[in-house]
Amino acid sequence: MRRAEATAAAVLGDLRAVDGALYAAVAATPTPTLDRALRRLSHAADHSKISLTVAALLALGPGRSRRAALAGVSAVALASAAANLCGKRMVRRQRPDREQARVVVDRHVPMPRSASFPSGHTASATAFATAVGVVLPAAAVPLGALAVAVGYARVHTGVHYPGDVAAGAVLGFAAAAVSLAAARVPLRVCS
């Protein structure tokens, strides 16, 4: 048992090192053309504003569009609750130190006071994209790309480690699957 614990601790230490190195690499890479756009995207994703706006537009349409909106909003609610009420309270990972990593000030968004792990923004954006994409396949690629951009923006602005974003994405996929299953929407991987 002790050997398994020691191995697990060593693996976690290595993963933390890789996570920190990826964060530092993003921070050290000059991207003045992207800084403003990614800062705005990160802010626009606060409180799932982007997803809820898309859902409102979808809800104006008939049938499948309306069902996609409902599926997306349900998935966001579940992902947000799981990330913010459970995940962050259980793990309690500290936010990155932007000053130590020398994240350019032009990238900064307000540093959240909540724990860093998992990324709630990424969980919600991924949950929305996945749920809507299952019900309305034509929306899957653009919403998936948007979810990836939201996740990256959270690292770029210095408020999350890449591991927080990866965990948020996994949580978002799971929330969408649970939400769709509860609504009895058939999941089709490839059709």
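The values are calculated or read from the model by the stated rules, or taken from the named source; none is laboratory data. Bear in mind that the values here come from a model prediction, so they are computed numbers and not experimental data. Neighbour counts run over all protein chains shown; Cβ positions are idealised from the backbone, glycine included. Side chains are part of the model used for accessible areas, which takes the heavy atoms of the whole protein and leaves out ligands, DNA and RNA. Shrake-Rupley method; radii C 1.70, N 1.55, O 1.52, S 1.80 Å.
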Margin query: Within segment 45-64, does at least one residue satisfy the condition of being farther than 30 Å from residue 138 by Cβ and crowded, with 20+ Cβ neighbours inside 10 Å?
Written below: no
Notebook entry, point to check: Among 22, 12, 41, which is the only one that is in contact with a helix residue (DSSP H, G or I) (Cβ under 8 Å, 6 or more places away or on another chain), hydrophobic (A, V, I, L, M, F, W, C), open to solvent by 60 Å² or more (accessible area, probe 1.4 Å) and within 27 Å of residue 156 (Cβ to Cβ)?
Noted result: 22
Item checked: Hits in segment 136-153 (condition: in contact with a Gly (Cβ under 8 Å, 6 or more places away or on another chain) and touching a residue at least 60 places away in the same chain (Cβ under 8 Å)) -> 139, 143
Note to self: I need the helices (runs of 4 or more DSSP H) fully contained in segment 40-120, keeping only those with at least 3 residues that are in contact (Cβ under 8 Å) with a residue 60 or more places away in the chain.
What the structure shows: 49-59, 63-81
Item checked: Options 98, 40, 67: the member that is among the basic types (Lys, Arg) and either in contact with a Cys (Cβ under 6 Å, 6 or more places away or on another chain) or farther than 26 Å from residue 176 by Cα (or both) -> 98
Check: Given the residues 65, 80, which is the only one that is among the polar types (S, T, N, Q) and under 27 Å from residue 113 (Cβ atoms)?
Finding: 80
